[in-house]
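Only the coordinates and a few stated rules stand behind these numbers; no lab work does. What you see is a predicted model, and the numbers here were worked out from it, not measured in a lab. Positions of Cβ are backbone-derived with ideal geometry, glycine not excepted, and every protein chain shown enters the neighbour counts.
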Amino acid sequence: MLNEKKSKRGTVIALLCALALLALVVLLENTMKPTGMLFTVLKKGAVYALVAVSMNLLNGFTGLFSLGQAGFMLLGAYTYAILTIPTADREAVYYLYNGSAVNFSLPELFGGGAVGLVLGVLLALFLGGCVAAAVAWLIGLPVLRLKSDYLAIATLGFAEIIRAIFQWDPLGPVTNGANALKNFPTFSSFNIQNADGKVILRLSTFVPFLLAGVCVAVIVLLINSTYGRAFKAIRDDEVAAEAMGINLARHKRLAFCISSFFAGVGGGLFAMFANQAQAKVFTTAMTYEILLIVVIGGIGSITGSVLASFLYIFLSEWLLRGLDAGTFLGITAPAVFKNGFRMAVFSVIIMVVVLFFRKGIMGDKELPDLFKKRAKKEKKEAAQS
């Protein structure tokens, strides 16, 4: 009974903190310059947080080493873009192919306007996740028989194959070949305007925070469910898990599909952030970025993945970007600060983190665990005194 009360209290506190964070994001966006790097970091950080958590679900909580995240993001991004480009813009977007093979737009099917936009975007993101999950189920049949590095190589190869297929010219009327898909709804589409077209309430940062937050919350609920406990049992000892009656093949496939679903949703959000969807963006380097975030945050920690996502984007996209432009923190040295120097410095920072935080920033702990540990320490000190 006491544990249930503590659990409910923790849930209420988490919800209040989430609402306060969303309110703060809206306040900042409507009181500060909307084109500042801060909001770029927040938007991209929210998207990467979702994708990193989806990878952690597979790598950290189930023990399956997969490197196909960029491929699933690509599927989600293209599904979202294809289904939401306005009908009137399709001929211009697919000008090399004399129009698109898909001649409808989900927001328009829902009647357009604000309601049509919201429903169309949500359905497109959901379908993007479903496409990614369906493909994951198909490739999971053979590749999930593999383990460790072999599984990683197989999923990495899948991601590269998907990227090549989507740039294949015969599929151009659907995917636009190697060209970018544009003109679909982005985060800025959710800004509220008055009759004169002037923005009166900016929500372009609030939207990715809300959508990514809801998805991460669903993953957390899954991890804390019986399915999540089964995933952890498989990670810890497959033989013992099977002896306990856990169907290994079924649960591995389930974890693979769920992880791919949220990676697909993350891909759709990434397309909204980038204002375009293009296959050449979803490279192996993107998968390594996500994997790096998971390792820095802590394999098996949702909190770690979220914190590391924002930290990674902050360092790579904002703080260290001046190193490529010849100026850093007011110091101008073009002979030293050249293009590419930013990633060299960032690599050194990563090495330091890995050396001194071998289990990542959070290890396998979550934020509530730190508060519990502190409370126990204070209680112990009070008892001794």
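Some values worked out for this structure:
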item: Cα gyration tensor shape for the range 125-270, rounded if a/c is under 1.5, else prolate or oblate; result: oblate
item: Selected from Ala255, Gly157, Gly172, residue furthest toward positive end of dipole (the chain; charges at beta carbon); result: Ala255
item: Gain upon complete extension [Leu19, Ile153; 0.36 nm per residue less C-alpha separation]; result: 44.2 nm
item: Size descriptor, Kirkwood hydrodynamic radius, that averages inverse alpha-carbon separations across the range 32-283, Å; result: 19.0 Å
item: The range 207-255 shape via C-alpha gyration tensor axes, a/c threshold 1.5; result: prolate
item: CD proxy at 222 nm, helix term only [per DSSP H run n ≥ 4: -39500 (n - 2.57); per residue of the chain; nearest 500]; result: -22000 deg cm²/dmol
item: Long pairs among Lys280/Lys359; Lys33/Lys365; Lys147/Lys182; Lys232/Lys280; Lys182/Lys365; Lys44/Lys198, criterion Cα-Cα beyond 29 Å; result: Lys280/Lys359; Lys33/Lys365; Lys147/Lys182; Lys232/Lys280; Lys182/Lys365
item: Length released on extending from Tyr95 to Ile161, taking residue separation times 0.36 nm less the Cα-Cα span; result: 21.2 nm
item: Cα-centred dipole magnitude for the chain, charges only on beta-carbon of K, R (+1) and D, E (-1), debye, nearest 20; result: 1220 debye
